[in-house]
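Report on the following structure.
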Amino acid sequence: MTDVSPDIALIRARLLDWYDRHARSLAWRVPPGTSQRPDPYRIWLSEVMLQQTTTPHATPYFQTFTSRWPTVSDLAAAQDAEVMAAWAGLGYYARARNLLACARAVAGEHGGVFPDTEAGLSALPGVGAYTAAAVAAIAFGRPANVVDGNVERVMARLFAVETPVPQARPELRRLAGLFINDQRPGDWAQALMDLGATVCRPKSPLCGTCPIADYCSGRVTGEPERYPFKTKKADRPQRKGVAWVLFDDQGRVAVETRPERGLLGGMLGLPTSDWTTGEPSQTPPFEAPWREAGTVEHVFTHFSLTLSVRTAIAAGREGARWMRTGEARAALPTVFAKALDRATAAID
């Protein structure tokens with residue numbers, strides 16, 4: 001880390017002035033300089049959705065959720081299966097279950113009103129330290145230290161932090177905390193996020209348009225994109241499995257609800273073998289004239305999956321849960337939608 005000691009007050013002033021002029025227009029955001037108050041429900045929902053995905057990807061999901069369930073009490077009253085189906089494609093389905101648990105706690109224990117402090121928000125089911133800080137700052141104007149990946153990158157470059165991530169995270173959080181005060185805490189949090197997303201980008205940072213470039217030690221080195229340093233990630237394990245896609249003579253597909261615990265827990269799925277690093281079981285879940293339909297690839301956070309697809313047509317099978325193919329595809333998680341598409345192409 002360099003010996004530069006930036007002027008905290010001036011950096012704040014410059015960045016907030018930049019934010020007032022260049023804030024992104026987001027579906028859940030109240031623009032700076034308006035009298036409109038942020039809706040805690042919308043802020044919380046957006047923060048949960050934005051974990052592990054991008055703003056462009058999350059936005060249509062956010063719009064769907066707020067159209068179907070405009071308040072936290074509406075979401076709390078929704079059926080689990082409906083919410084899980086609407087969540088399909090956002091990944092990390094445990095977050096969807098936590099989303100419902102939190103909504104029901106707010107509706108049932110807090111009269112439909114979110115707690116307005118970090119401590120109160122942190123006590124809600126599924127609300128971690130980052131989400132609690134973000135909602136406290138943005139929705140309630142609390143001076144909270146909101147540190148996401150964008151903020152880590154800005155701090156690493158601003159102070160030229162040489163320690164690699166993740167070891168550097170406590171130091172990056174401490175540095176971000178130097179800028180926290182009672183003045184516009186929500187706008188400050190969003191200004192840092194916008195700076196990281198649009199200017200201080202992971203690759204090819206736009207230092208020429210950065211409002212705080214004059215104070216950036218990373219820019220002084222001539223290689224700001226080197227920051228933050230990162231340790232090499234371990235190779236993602238490769239797993240294999242088999243998906244069994246059964247159609248009936250009415251154009252429907254057999255589906256099932258996955259066990260509550262485990263990956264994609266509680267979600268709609270296709271019958272499948274275990275996903276293993278060895279050879280998966282080739283035993284079908286029931287007798288049918290199965291044939292090969294190719295393979296599909298899918299990448300989860302902690303492993304990659306090659307799914308061999310088997311398909312068959314069997315009319316009148318008792319005990320199966322059938323859905324129209326189009327409806328099933330819309331409700332299935334992405335990995336199963338890929339398998340269904342592969343099987344449909346093979347049947348056609």
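Leaving out ligands, DNA and RNA, and with a 1.4 Å probe, what % of the accessible surface on segment 1-150 is carbon or sulfur? In segment 1-150, the share of accessible area belonging to carbon and sulfur is 50 percent. Straight-line cross-link partners of residue 338 among the lysines, defined as a Cα under 19 Å from its Cα and at least 8 positions apart when in the same chain: 240. Is the C-alpha gyration tensor of segment 87-155 telling us rounded, prolate or oblate? Criteria: a/c under 1.5 is rounded; beyond that, a/b larger than b/c is prolate, otherwise oblate. Note, shape of segment 87-155 comes out oblate. For the residues 113, 299, 30, a GNM of the chain with alpha-carbon springs under 10 Å puts the largest fluctuation on 299.
Between residue 201 and residue 74, the FRET efficiency estimated from the beta carbon spacing at R0 = 30 angstrom works out to 0.25.
Within segment 137-187, the GluC sites (Glu not before Pro) that combine a DSSP coil assignment with at most 16 other C-beta atoms in a 10 angstrom radius are 162. Rounded to the nearest 20, the size of the Cβ-charge dipole of the chain about its Cα centre is 400 debye, with Lys and Arg at +1 and Asp and Glu at -1. Annotation for segment 26-42 versus segment 154-182: alpha-carbon center distance of 27 Å. Mean separation of Cα pairs under 8 Å and 6 or more residues apart, divided by the residue count, gives the chain a relative contact order of 16 percent.
To the nearest 20 Debye, how big is the dipole of segment 115-229 about its Cα centre, given +1 on the beta carbon of each Lys and Arg and -1 on that of each Asp and Glu? Present the calculation step by step, with values, prior to reporting the outcome.
On the way: 11 positive and 12 negative charges, 45 e Å.
In debye, rounded to 20, segment 115-229 gives about 220.
Backbone amide hydrogens, once placed in the peptide plane, bring residue 245 within less than 5 Å of 310, 311, 312, excluding anything fewer than 5 places away on its chain. Model label points for residue 234 and residue 57, set 7 angstrom from Cα along the Cα-to-Cβ axis, are 2.3 nm apart.
Model label points for residue 81 and residue 249, set 7 angstrom from Cα along the Cα-to-Cβ axis, are 2.6 nm apart. Of interest is the spacing of the C-alpha centroids, which for segment 273-348 and segment 204-230 amounts to 47 Å.
For segment 42-146, the gyration tensor built on C-alpha atoms gives an oblate shape. Its axis ratio a/c (a ≥ b ≥ c) is at least 1.5, and a/b is not larger than b/c. Using the 1.4 Å probe convention, the accessible area of the chain works out to 48 Å² per residue with neighbouring protein chains retained. Build a GNM of the chain with springs between Cα atoms under 10 Å: which of 71, 295, 117 gets the top mean-square fluctuation? The residue with the greatest mean-square fluctuation here is 295.
The values are calculated or read from the model by the stated rules, or taken from the named source; none is laboratory data. In this text the structure is predicted, and so the values were computed from the model without any measurement. Please note: Cβ atoms are built from the backbone with ideal geometry, for glycine as well, and neighbour counts cover all protein chains shown. Areas reflect the complete protein model, heavy atoms only, side chains present, ligands, DNA and RNA absent. Shrake-Rupley method; radii C 1.70, N 1.55, O 1.52, S 1.80 Å.
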